[in-house]
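The values are calculated or read from the model by the stated rules, or taken from the named source; none is laboratory data. As the structure is a computational prediction, the values presented were derived from the model and not from experiment. Here Cβ is always computed from backbone atoms with ideal geometry, including for glycine, and neighbour counts include all displayed protein chains. Protein only, heavy atoms only, side chains kept; ligands, DNA and RNA dropped before computing areas. Shrake-Rupley method; radii C 1.70, N 1.55, O 1.52, S 1.80 Å.
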Amino acid sequence: RWIKFEEKVEDGGQRWSSPHVPALPLHSLLQLRTCLQKGTMLLDLDATSFKEIIDKALSEQPEEAELQPALRKRLAALLLLQPQHQPTKSLLQLLAELGLSPCRGRKPGCATRRKAKGRSEPRTQVSKTPLKEQLRNRFKKKLPPGAEAAHVAVGEVEFLEKPFTAFIRLRRGVSLGSLAEVSLPSRFLFILLGPPRGKAYHEVGRAMATLLTDELFQRAARQAEHREHLVAGIEAFLDELIVLPPGKWDPGARIPPPSHMPAPRRRTAVDPLDQQPHGKGDMRAAGDRASPGHPHSGEELERTGRLFGGLLRDIQRKAPWYGSDFSDALHPQCLSAVLYIYLATVTNAITFGGMLGDATANMQGVLESFLGTAFAGFIFCLFSGQPLTILSSTGPVLVFERLLFSFSQDHSLDYLEFRLWIGLWVAFFGVVLVATEASHLVRYFTRFTEEGFCALISLIFIYDSLKKMLSLADAFPINWHYRLDNVTSYSCTCNLRRLFNPILTCLITLQCPPLPSIQSPPATPAGLSRTQCLDRGGHLLGTSCQFVPDVTLISFLLFGGTFLFCTALKRFRSSRYFPVGVRKLVSDFAVILAILASCALDAVLGLETPKLLVPSELKPTNPARGWIIFPFGANPWWVCLLSAVPAVLVTILIFMDQQITAVILNRREYKLQKGAGFHLDLLCVSLLMVVTSVTGLPWYVSATVISLAHMDSLRKESATSAPGEHPEFLGIR
């Protein structure tokens with residue numbers, strides 16, 4: 001069986017082998033060429049049944065190979081017998097047969113006798129209508145729409161003295177009843193029968209089947225008008241053949257299918273049926289190879305020479321697709337993408353909210369990060385040119401916020417007011433860049449620039465996460481000097497002696513000062529918890545009071561386990577377990593499943609690991625600030641002018657971050673259908689800078705990592721793929 005790759009029946013005819021690249025003897029290809037040169041050839045035959053095809057093939061033989069009428073009749077009766085196909089069985093069917101088999105562990109000769117009995121029964125002829133087994137064969141799910149079948153019949157016949165060969169091409173695909181393993185229209189047939197000659201016929205049949213799976217030979221076979229055209233197709237196949245010398249490799253070894261199939265256009269220069277000069281074909285192939293790497297030559301980045309000309313083009317390009325952005329989302333795959341990006345965005349907002357809080361003395365915290373992410377993402381998705389982009393606080397912006405806050409503290413400036421003027425200047429510069437169509441400079445970004453910027457952002461993510469984890473060792477110290485033999489000396493008790501000093505003084509001097517109302521302590525100070533001890537004015541004594549066992553260790557285990565488990569689930573898509581739909585579902589929800597599994601493990605262990613603190617009421621994290629930042633009052637008047645200098649740096653940072661992310665997302669290799677919107681996206685980000693600066697929310701720009709993850713969760717792949725072949729990438733939903 002061949003569907004791009006070869007499969008063989010193994011284990012005594014019980015199962016199909018794994019797909020592999022066929023290895024052919026060179027002699028079989030040369031014999032096949034001879035068969036096509038001398039045998040019967042019927043091109044564009046009009047026939048509606050297998051019996052009619054056999055009758056035509058036996059009646060139109062070359063004179064030197066014409067058969068006697070008696071042999072013709074016996075040969076026709078042989079060819080019209082119903083072939084015995086190896087069914088493709090599911091795992092449940094195999095288990096059921098294993099449980100119901102009467103030969104299981106009893107008589108060694110049972111299976112042999114059953115086979116002999118099956119051969120002795122008379123076989124029926126090929127049915128004109130498909131059998132139930134053909135219609136219910138689950139193997140048909142692996143075939144692409146429009147697939148056709150080709151039949152290769154080879155074998156040894158004792159009553160023939162010389163080989164009989166026939167190659168038949170039907171004018172149109174015809175269903176030949178129960179001939180094929182699955183019910184498909186048939187186009188090609190090849191027959192080779194002759195006297196016993198070992199495995200020669202079998203290898204010639206394998207060579208013919210391998211040729212029919214080659215896309216260039218298929219085109220030659222479909223377009224051939226004479227025998228010479230078909231032979232020329234074999235010659236072209238032989239020109240590309242690579243021969244492995246005998247004794248240097250194991251002929252029994254099976255070559256696995258490649259991970260990436262070469263494009264057929266790379267081989268068109270050697271196609272004998274291609275009438276165009278090879279030079280032009282090579283130029284076209286070179287252009288096709290170069291185009292995916294240079295996706296910036298589209299109309300989105302062409303200058304119009306008019307003020308806001310590029311922005312108007314983006315709006316005109318976006319308008320016809322605006323309604324489809326909502327209708328296309330009504331697909332089950334989008335549900336997994338929504339949940340996936342929700343978790344990715346929320347965890348990112350919490351992480352960067354905490355980091356911004358540490359860097360800005362809680363002038364911007366988790367709540368501000370939540371509100372800003374929700375507002376900026378909502379507006380951007382509704383009005384941007386590429387709503388697949390996800391906005392977020394990125395690493396470079398976090399670094400700038402930290403430096404700006406330090407500068408404000410060192411020079412006694414109000415941080416939020418200074419930041420407001422910088423944001424207003426950045427918005428102004430962004431609108432100027434949109435008006436002058438500065439986004440056309442993106443076409444000069446090289447792949448090195450894109451990858452370098454992605455690496456910078458990824459490294460900031462990794463650095464900050466590791467830094468946060470390492471800080472746990474300070475909050476929950478580990479006793480590195482712990483010795484098991486000294487376990488009796490490790491203790492921690494509560495000392496309440498300071499609390500009762502005022503009582504002793506009162507009893508001695510008989511002048512009692514007012515004491516705080518406290519409940520009587522328990523009989524032993526050891527019964528108090530750490531919090532109760534400190535609340536009552538006591539202090540902790542002991543060698544183990546400053547250490548917190550298990551928390552840091554289990555936090556690192558959860559940290560690494562979540563990452564490794566998520567990576568393993570992502571790779572589950574290409575595993576061999578479960579159907580394709582189940583593997584894809586698990587892979588899409590890999591992040592969610594990994595987080596839930598780690599949270600469940602943490603809950604079962606019951607350790608007091610640090611948890612994310614989400615605000616319970618809607619108010620700024622720092623009580624000293626409000627929701628509206630006023631432009632004047634806290635800083636000198638000249639700060640509004642001086643802010644233009646750092647605003648230029650932020651503008652460059654925002655432009656690079658936004659446009660490089662847009663370039664990566666709009667590559668041609670993603671096969672996007674609705675076009676890009678570089679100018680419209682930059683305008684949305686610039687206007688959002690005004691709102692977030694006035695309200696004191698974080699600045700937002702396209703996040704490369706999350707946006708690429710969003711694109712990956714919306715990948716469309718072919719529903720069917722041949723055994724051994726990866727699903728074809730169809731684009732982004």
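Below are the figures for this structure:
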quantity	calculated
Single residue of ILE654, ILE660 found to be farther than 20 Å from ASP325 by Cβ and surrounded by fewer than 22 Cβ atoms within 10 Å (Cβ to Cβ)	ILE660
Test result for GLY395, over 30 Å from THR609 (Cα atoms) and among the small types (Gly, Ala, Ser)	no
Residue within segment 609-616 that is assigned to a loop (DSSP other than H, G, I, E, B), closer than 25 Å to ALA349 by Cα and free of Cβ contacts under 8 Å to residues at least 40 places away in the same chain present	yes
The listed residue being in contact with a strand residue (DSSP E or B) (Cβ under 8 Å, 6 or more places away or on another chain) and more than 30 Å from GLY560 (Cα to Cα), out of ALA676, ALA647, ALA662	ALA662
Selection from segment 386-413 of residues that are surrounded by fewer than 16 Cβ atoms within 10 Å (Cβ to Cβ) and closer than 30 Å to SER713 by Cα	VAL399
Residue count for segment 184-210, restricted to those that are buried (at least 18 other Cβ atoms within 10 Å of the Cβ) and more than 23 Å from GLY155 (Cα to Cα)	1
Subset of segment 211-239 [assigned to a helix (DSSP H, G or I), open to solvent by 10 Å² or more (accessible area, probe 1.4 Å) and in contact with a Phe, Trp or Tyr (Cβ under 7 Å, 6 or more places away or on another chain)]	LEU212, PHE237
Tally of residues being touching a Ser or Thr at 6+ places or on another chain (Cβ under 7 Å) and at pLDDT 85 or above across segment 7-37	5
Search result, residues across segment 327-338 that are open to solvent by 60 Å² or more (accessible area, probe 1.4 Å) and either free of Cβ contacts under 8 Å to residues at least 24 places away in the same chain or under 9 Å from ASP588 (Cβ atoms) (or both)	SER327, LEU330, PRO332, LEU335, VAL338
Close pairs from segment 401-428: first in a loop (DSSP other than H, G, I, E, B), partner open to solvent by 10 Å² or more (accessible area, probe 1.4 Å) and aliphatic (A, V, I, L, M), Cβ under 6 Å, at least 6 apart	ASP414/ALA634
ALA77 being more than 24 Å from ARG172 (Cβ to Cβ), modelled with pLDDT of 85 or more and open to solvent by 40 Å² or more (accessible area, probe 1.4 Å)	yes
Qualifying residue in segment 573-584 (condition: touching a strand residue (DSSP E or B) at 6+ places or on another chain (Cβ under 9 Å), of a type outside the set (A, V, I, L, M, F, W, C) and modelled with pLDDT under 80)	yes
Candidate set: segment 359-385, residues that are open to solvent by less than 10 Å² (accessible area, probe 1.4 Å) and polar (S, T, N, Q); chosen: the one farthest from ILE315 (Cα to Cα)	THR360
Residues of segment 124-158 classified as more than 45 Å from the chain's Cα centre (by Cα) and surrounded by fewer than 11 Cβ atoms within 10 Å (Cβ to Cβ), total	2
Spans of helices (runs of 4 or more DSSP H) in segment 638-694 with at least 1 residues of a type outside the set (S, T, N, Q) and outside the structural domain of TRP425 (by the TED database)	none
Search result, residues across segment 160-173 that are in a loop (DSSP other than H, G, I, E, B) and open to solvent by less than 50 Å² (accessible area, probe 1.4 Å)	LEU160
Among the residues listed as SER587, SER616, SER598, SER574, the single one being within 28 Å of the chain's Cα centre (by Cα), among the hydroxyl-bearing types (Ser, Thr, Tyr) and surrounded by fewer than 16 Cβ atoms within 10 Å (Cβ to Cβ)	SER574
Filtered residues of segment 122-150 (kept if outside any loop (DSSP other than H, G, I, E, B) and out of contact with any helix residue (DSSP H, G or I) (no Cβ under 9 Å at 6 or more places or on another chain))	LYS132, GLU133, LEU135, ARG138, PHE139, LYS141, LYS142, ALA149
Breaking point among (1) out of contact with any Lys or Arg (no Cβ under 9 Å at 6 or more places or on another chain); (2) open to solvent by 10 Å² or more (accessible area, probe 1.4 Å), for LEU416	(1)
Residue match in segment 630-637 (condition: open to solvent by less than 10 Å² (accessible area, probe 1.4 Å) and either at pLDDT below 85 or not charged (D, E, K, R) (or both))	no
Residues of segment 419-473 classified as more than 35 Å from the chain's Cα centre (by Cα), open to solvent by 30 Å² or more (accessible area, probe 1.4 Å) and over 29 Å from GLY309 (Cβ atoms), total	2
When residues of segment 685-706 are limited to those that are over 18 Å from PHE370 (Cα atoms) and open to solvent by less than 20 Å² (accessible area, probe 1.4 Å), the one nearest to the chain's Cα centre (by Cα)	THR704
Those residues of segment 13-29 which are out of contact with any helix residue (DSSP H, G or I) (no Cβ under 8 Å at 6 or more places or on another chain) and open to solvent by less than 60 Å² (accessible area, probe 1.4 Å), in sequence order	GLY13, TRP16, SER17, PRO19, HIS20, VAL21, ALA23
Residues within segment 39-56 that are part of a loop (DSSP other than H, G, I, E, B) and farther than 16 Å from HIS229 by Cβ, tallied	4
Hey, GLN82 surrounded by fewer than 12 Cβ atoms within 10 Å (Cβ to Cβ) and either in the same structural domain as PRO145 (by the TED database) or modelled with pLDDT of 80 or more (or both) or not	no
